[in-house]
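Only one structure is covered here, and it is reproduced in the block below.
The values are calculated or read from the model by the stated rules, or taken from the named source; none is laboratory data. Treat the numbers as computed from the prediction; the structure is a model and nothing was measured. For neighbour counting, all protein chains shown are included, and Cβ atoms are generated from backbone atoms with ideal geometry for every residue, glycine included. We work out accessible area using only protein heavy atoms, side chains counted, and drop any ligands, DNA or RNA first. Shrake-Rupley method; radii C 1.70, N 1.55, O 1.52, S 1.80 Å.
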Amino acid sequence: MAENELAQKLQRRLVLEDAPEESQVPVEPAVPNGGDDDDDDDEEEERSVTSNADSELSAKLNRRNDINQGTAVPANRSHVFNPYTEFKEFSRKQIKDMEAMFRQYDTGRDGYIDLMELKLMMEKLGAPQTHLGLKNMIKEVDEDFDGRLSCREFMMIFYKAATGQLEEDSGLMSLAKLSEIDVSTEGVKGAKNFFEAKVQALSVSSKFESEIRAEQEERKRQEEEKKNRRAAFKELKSAFN
C-alpha cells in the first residue's frame with residue numbers, strides 16, 4: 001500500500017541520517033576545476049529538496065496516524081450542501097425558517113456562527129450560557145471540528161431535537177425550543193418522536209389510498225356484473241328467436 005511505501009522511505013531516510021559516518025558511502029572529492037561554488041549550490045539545493053520530501057512524508061504519515069486513531073480533522077466537503085435533500089424530514093417552510101435564523105445570527109457574514117455569535121444568539125433567546133456551555137453546544141454538532149457552526153451543522157441541532165437525540169436540559173435543546181422555528185407540525189415538540197409522527201402520517205395516507213382503491217374495485221365489480229347481465233339477457237333473447 002502507498003502508506004507502507006511512504007513509511008519505508010521515511011524510515012530509510014532516518015536510518016541513513018542516524019548511521020555512523022564509516023557506514024555511509026564516501027562522497028567523491030570535488031574536482032578542483034574552479035567550480036566549488038556551483039557544487040556548494042547543488043549540494044544546498046539537494047539538501048533543501050531532501051528536507052522538503054522528508055517533511056511531506058512525515059506529514060502524510062502523521063495524517064494517516066490521526067485518521068487511524070480517529071482524531072483527524074475531516075477534509076472539507078466537496079459537494080454542495082442541499083438542505084432539501086439532506087433534511088427531507090423537514091418541510092420547505094421549516095428549512096427556510098432555519099436558514100433565515102442562521103443568516104440573522106451570522107453577523108460576520110462568513111457562512112458560520114462562531115462562539116461569540118452563538119453567545120449573542122442564546123442571550124437574545126433568553127437562555128444565556130457559560131463559555132464552557134457554548135463550547136459544548138458547538139462540539140455536539142461540530143462535524144468538521146473547526147469550533148464553529150456551518151448552516152448544515154446548525155440545522156443538525158433541530159434534526160437532533162426532532163429525533164430525540166438531545167438532553168432536555170441541554171443548551172442545544174433550549175435553542176431549538178426557544179427559536180421561532182416550529183417543528184411541532186411534524187409532531188416532535190416535547191416527548192413525541194419525530195419519525196413516529198411521520199409513520200402515522202404515512203399510515204393515514206395509506207388508509208386513504210386503500211379506500212380509494214376499494215371504491216375503484218367496487219365500481220369495477222358492478223360494471224362486470226352489469227356486463228354479465230347484458231350477456232345473459234342477449235343469450236336468453238336469442239333462444240326465443
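Tally time: how many residues in region 116-154 are out of contact with any Pro (no Cβ under 6 Å at 6 or more places or on another chain), part of a helix (DSSP H, G or I), within 21 Å of Glu167 (Cα to Cα) and open to solvent by less than 40 Å² (accessible area, probe 1.4 Å)?
Qualifying residue count for the region: 9.
Out of all the residues in region 103-115, which are under 15 Å from Glu153 (Cβ atoms) and either exposed (fewer than 14 other Cβ atoms within 10 Å of the Cβ) or touching a Ser or Thr at 6+ places or on another chain (Cβ under 9 Å) (or both)?
Arg103, Asp110, Gly111, Tyr112, Ile113
If a residue must be at pLDDT below 95 and part of a loop (DSSP other than H, G, I, E, B), how many such residues does region 82-106 contain?
6
Kindly evaluate Lys192 against the criterion of being basic (Lys, Arg), at pLDDT 70 or above and surrounded by 10 or more Cβ atoms within 10 Å (Cβ to Cβ).
In short, no.
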